[in-house]
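As structure tokens, the structure follows; a few thoughts come after it.
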Amino acid sequence: QVQLVESGGGLVQAGGSLRLSCAVSGTIFSINTMGWYRQAPGKQRELVATITGGGSTNYADSVKGRFTISRDNAKNTMYLQMNSLKPEDTAVYYCKLDSWRNYWGQGTQVTVSS
């Protein structure tokens, strides 16, 4: 079974940093486009960043210059380095793998205090 498990979320003060990880099992994901999404209470789920199998990246305007998406294909793991965190970054962050269908992790909570 394909499973995605996020980790690394938690509570951090504004200006701090966190690194989220998404560990994929059940498939070798080297060719797949993957992404990070987030959903805050009362908000729609929104794209944070994507990364293709070739390493091309895209970011939401709200996180450009602060977040970095990366992947380690040998470890079947994707990362989101989040720096200079703001309270408005508070959300549940979800990992997605794009294959013949989209696979989603269960999310990890990121809370940024002001």
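Details
- Taking other residues whose beta carbon is less than 11 angstrom from the beta carbon of residue 92, and scoring Lys, Arg as +1 and Asp, Glu as -1, yields +2.
- Here the chain is treated with +1 on each Lys and Arg Cβ and -1 on each Asp and Glu Cβ, and its dipole about the Cα centre works out to around 20 debye.
- Relative pair counts by distance (%), Cα atoms of segment 3-65, 5 Å bins: 4, 13, 19, 27, 22, 10, 5, 1
- Environment charge at residue 111 (Cβ cut-off 13 Å; Lys +1, Arg +1, Asp -1, Glu -1): 0
- Reported to the nearest whole Å, the Cα centre-to-centre distance from segment 1-34 to segment 83-114 is 8.
- Here the convex hull built on the C-alpha positions of segment 47-88 has a volume of 75 cubic angstrom per residue.
- With one equal scatterer per alpha carbon and no solvent term, the Debye-computed log10 I(q)/I(0) for the chain at 0.21, 0.23, 0.24 1/Å reads -1.12, -1.33, -1.43.
- Environment charge at residue 54 (Cβ cut-off 15 Å; Lys +1, Arg +1, Asp -1, Glu -1): -1
- Antiparallel content of DSSP bridges confined to the chain, in %, to 5: 90 percent
- Label-to-label distance for residue 56 and residue 100 is 2.5 nm, based on points extended 7 Å past Cα in the beta-carbon direction.
Laboratory data are not the source of any read-out in this text; all were calculated from the coordinates shown. Since we're looking at a predicted model, the values are computed, not measured. Note that we place each Cβ from the backbone using ideal geometry, even for glycine, and neighbour counts take in every protein chain shown.
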